[in-house]
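Asks: I'd like to ask some things about the structure below.
Laboratory data are not the source of any read-out in this text; all were calculated from the coordinates shown. None of the values given here were measured: they were computed from a predicted structure. Neighbour counts run over all protein chains shown; Cβ positions are idealised from the backbone, glycine included.
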C-alpha cells in the first residue's frame, strides 16, 4: 500500500500491536519499501515513491 512516510507508518503499526517484518529499504531512486504484519500475522507491503510517483489510470494501458 502507498504511504507518505514509511518510518512513521511502521511506528504506527508497531504501536497498534503489529510488527516490522523488513525495515525500510531503498529499492530504486526515490522508491522505498518495508514489510509489516498485523497482530494476526497477515503480512503487507508499504511503499513510498518519490516526487515522480506515477498515478494509476483506469482503462487499457493505464500506468
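Asks: Contour minus end-to-end for residue 19 and residue 31, with contour as 0.36 nm per residue of separation and end-to-end as the Cα-Cα distance?
Replies: Full extension from residue 19 to residue 31 adds 2.2 nm.
Asks: Describe numerically, in nm with one decimal, the distance between label points set 7 Å from Cα along Cα→Cβ at residue 11 and at residue 44.
Replies: 1.9
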